[in-house]
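Reviewing the structure listed below.
The values are calculated or read from the model by the stated rules, or taken from the named source; none is laboratory data. Keep in mind that this is a model prediction, so the values were computed, not measured. With ideal geometry, Cβ positions are generated from the backbone for all residues, glycine too; neighbour counts draw on all protein chains shown. The protein model used for the area step is the full one, side chains on, heavy atoms only, and it has no ligands, DNA or RNA in it. Shrake-Rupley method; radii C 1.70, N 1.55, O 1.52, S 1.80 Å.
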Amino acid sequence: MLVEDGVIRDVDFTGAPPPQHATVTDFGQDGWLLPGLVDAHVHLCWDAGTDAVAHVAAGDRDTVLETARASAATALRAGITTVRDLGDRDYLTLELRDLVPPTERPEIVAAGPPITTRGGHCHFLGGETEGADVVRVMASGGNLTPSSSPLQQQYGRSDLRLVVAEAHRLGLAAAAHVHAAEAIGDVIDAGFDTIEHFAFFTAEGVGLRPELLDEVVRRGIVISLTLGMVPGSPPPPAVAARIEAMQDLVGKVIASGARVVAGTDAGIEPYIKGRHPQLGELGQCIGQDVVGFGLRSATAVAAEADGRLRAPLHRAPARTCDRPERQPVSLPPRL
Ligand SMILES: [Zn+2]
């Protein structure tokens, strides 16, 4: 493989000698090369501890920024060259991008703090979107925020349509966090580029609606299933109660031919920690081989879906703006 100025210029299969001027690195008979991996759903600022919410919401800026720096470095060492951060605090991932040279971290596609409702899922991250590459909306509640419910919508259809229209008008991709079965139809209708979790949670368990899955395939919407897990860690209660139904759902999503990218949700709790995708688990979870599914999701599928993970060729212009002073947050007790 001939690399020039950081770009692959040629791949030779004939055994021809390298060009005279080339510096040769020989990886030996057993060597192999893999494209950089893409993790389409991470949280660099979260420390993956048992109380990651308290860390990210109440920790001082420098500590949280240091967590983000360490998470980014760990991901890069694991072979992840691009991460899409779908929920930081105070735009710290944008700061990280400026502070840390590109050789010491993956490329970061940042959403900043996600858009949420008052007291809604991840309200403690607090923020409007400015300078971001992708807009993330908490379309339903989540499992980590006691004042929200993963079974309920947070927004009406007209609000969601407005968010997508504005994001696209500004050249940004739009990602929707959804657990609730009710909310999945809403985000498909609104035209989101990616759907995070896609869990079809109902009070009883998991209620896949096949007609919605068909619509996702028809529209080419990208699904990020956030299946990262650390082997041996107990799953959080909401997942444990539904684990078999979720595995069944994942199998059906894959079989449908939907475009599934590898997103791990790395950072939010010990179960999902890793800070890098557990691709082996991802493959086993759906009864497919690791190389076949995990690697394709994290390389080819993600590359092909790039225009939906972030807007094509969009780079946020350098802007100076006054960010509002951060207000101290008071967290409701954990359930
Ligand atoms: Zn997430």
Sequence ranges 81-91, 27-37, 11-21, ranked by mean other-Cβ count within 10 angstrom, highest first: 81-91, 27-37, 11-21
As an exercise, identify the GluC sites (Glu not before Pro) in region 190-244 lying in DSSP coil whose Cβ has no more than 16 other Cβ atoms within 10 Å. E204
Amide H within-cut-off set for A266, under 5 Å, with H built and near neighbours excluded: H43
Per residue accessible area in Å² of region 43-177, where ligands, DNA and RNA are left out and the probe is 1.4 Å: 37
Phi-derived 3J(HN,Hα) across region 155-165 with the Karplus relation (6.51, -1.76, 1.60, θ = phi - 60°), rounded Hz, x for Gly and Pro, is 9, x, 4, 5, 5, 5, 4, 5, 4, 5, 4
Potential extension, S233-D98 segment - 0.36 nm per residue separation minus Cα distance: 45.2 nm
S71 accessible area, assembled protein chains, probe 1.4 Å, Å²: 10
Enter the per residue convex hull volume of region 146-251, computed from alpha-carbon coordinates, in Å³ rounded to the nearest integer. 121
Give me a comma-separated list of calculated 3J(HN,Hα) values for region 85-90, in order, Karplus coefficients 6.51, -1.76, 1.60 applied at θ = phi - 60°, integers in Hz, x for any Gly or Pro. 8, 10, x, 10, 10, 6
Taking H placed 1.01 Å from N in the peptide plane, check which residues at least 5 places from H121 or on another chain put their amide H under 5 Å from its amide H. G142
Please list H41, H168, H55 from largest to smallest accessible area, probe radius 1.4 Å, with all protein chains kept in place. H168, H55, H41
Whole-Å distance linking the alpha carbon centroid of region 236-251 with that of region 182-212 is 15
Ranked output for segments 56-68, 169-181 by mean other Cβ atoms within 10 Å, highest leading, reads 169-181, 56-68
If amide hydrogens are placed 1.01 Å from N in the peptide plane, which non-local residues have theirs closer than 5 Å to the one on L227? G263
How large is ³J(HN,Hα), in whole Hz, for each residue of region 251-263 in order, when computed from phi with the Karplus curve 6.51 cos²θ - 1.76 cosθ + 1.60 and θ = phi - 60°, using x for Gly and Pro? x, 5, 5, 4, 5, 6, x, 4, 7, 10, 9, 7, x
